Every structure is written in structure tokens, then in C-alpha cells.
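Accompanying notes for the structure given below.
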């Protein structure tokens, strides 16, 4: 065998450097949760009846909460743990003026892309679909929200978030409960997750 084709002892050890990462990922998958989405609060990304997989994203591995992250809000503010999206970070000022949510004086940007009908409380309702942008430049996060034309937020004075406070919103901006109702939440109470909807309409298939 040519000398160039022989494996040196350390070549055999190179794959072992991936073992810690594989162990961490295996642990995360092992504690992943399956759940059926019970409402359209996070539509259009997650819709009522979808079967979704929730993967935990611990801070020690993924760093602190970032704008746009999905988090599980614990029971207490709502009847059960609920998904919401982080839109404002510690130290930032959030206010509602003329029906718009302002973060550090800037409105949540977005362009309407059409209309869609979702069932809310057993009744079909028409919503505007809008692509929303959080942040600027390379840090910008984009996702879709839904809202109704005739619905307006009441004005609220600005509040500055504390060193461990986060402002969270539902992607359904009409009628869903979030920080507009119960205020900012401590980061220690929020669990960051990644959610994959892999069987849309699963609950409907069982009927």
C-alpha cells in the first residue's frame, strides 16, 4: 500500500470529535414533544389541528433569546402553555400609538400579501395576511402574521423592559392574548423552542 494511502493513528480519531455534538443533539431529540395545535394563535405558521414537533433550544447551547424566537409561555397567564414570538428585548421601549406597536419608536414593518380565512371560536373569519420584519440588516427576521381590518389596538404608554424582560406576541394579531394583555415576561419563565409542523390538519384527519 502506498505510504500516502495509509491512515495515521490520529486519522482514526478525527470522527470522534463529533461525538459530543451527536450526544447533545440526541438528547435534544429525546426530550422533543409532539403536540396537536389547539388554536390559530400562531397562524399561518402553525394552524389549528396541525401535528407539530417541539424541539427545545436551551440557552447554554444556543445563547440568549433573540428577536423572532418562538417561546413557550407557561400556564398562569393562559389556561395552558402557549407558543408566542419574542418581538422586543431587555432594555427596549414598547408602546402602542394609533393602533401600531412601536419598538424603540419604530413600528413593526410589514406588507400585506393577501387574505385568508381561519376558524376562530368555531366561526370562520377573514384575515389579512402580512409579512412582518423585525430588526434591521443582517439581524432582520421575517415571518407572517394575520390581522383583521376593523380591529385596532388601544393606545398604551411606552414601557421600558427590565434586564430580564421580553415582550411576546401571537402571530394572530387580532384577539389572541399576549404581552399586550399580561405585559412583558421574565426570560427565566420562557422556554425557547423550534417548532416543526409535519402533519398539517392532523386532527381533522382523525375525525
Problem set entry | Of residues in region 177-195 being over 16 Å from residue 64 (Cβ atoms) and not in a helix (DSSP H, G or I), the one farthest from the chain's Cα centre (by Cα) | 183
Problem set entry | Count - residues of region 36-45 that are buried (at least 17 other Cβ atoms within 10 Å of the Cβ) and either out of contact with any strand residue (DSSP E or B) (no Cβ under 6 Å at 6 or more places or on another chain) or at pLDDT below 90 (or both) | 3
Problem set entry | Only one of 9, 58, 2 that is under 16 Å from the mean Cα position of the chain (by Cα), surrounded by fewer than 18 Cβ atoms within 10 Å (Cβ to Cβ), at pLDDT below 90 and over 30 Å from residue 118 (Cα atoms) | 58
Problem set entry | Residues of region 120-154 satisfying the condition of being exposed (fewer than 14 other Cβ atoms within 10 Å of the Cβ), within 21 Å of residue 84 (Cα to Cα) and modelled with pLDDT of 85 or more | 131, 142
For this session: Of the conditions (1) within 18 Å of residue 164 (Cβ to Cβ); (2) modelled with pLDDT under 90, residue 98 clears all except one; give me its number.
Result: (1)
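Table: residues versus (1) under 23 Å from residue 191 (Cβ atoms); (2) modelled with pLDDT of 85 or more; (3) surrounded by fewer than 16 Cβ atoms within 10 Å (Cβ to Cβ).
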residue	(1), (2), (3)
65	yes, yes, no
69	yes, yes, no
77	yes, no, no
86	yes, yes, no
104	no, yes, yes
113	no, yes, yes
117	no, yes, yes
Exercise. Do you know which residues across region 40-55 are under 18 Å from residue 178 (Cβ atoms) and either free of Cβ contacts under 8 Å to residues at least 12 places away in the same chain or within 13 Å of the chain's Cα centre (by Cα) (or both)?
Worked result: 41, 42, 43, 44, 45, 46
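The values are calculated or read from the model by the stated rules, or taken from the named source; none is laboratory data. Small disclaimer: the values here were computed from a predicted structure and weren't measured. Note that we place each Cβ from the backbone using ideal geometry, even for glycine, and neighbour counts take in every protein chain shown.
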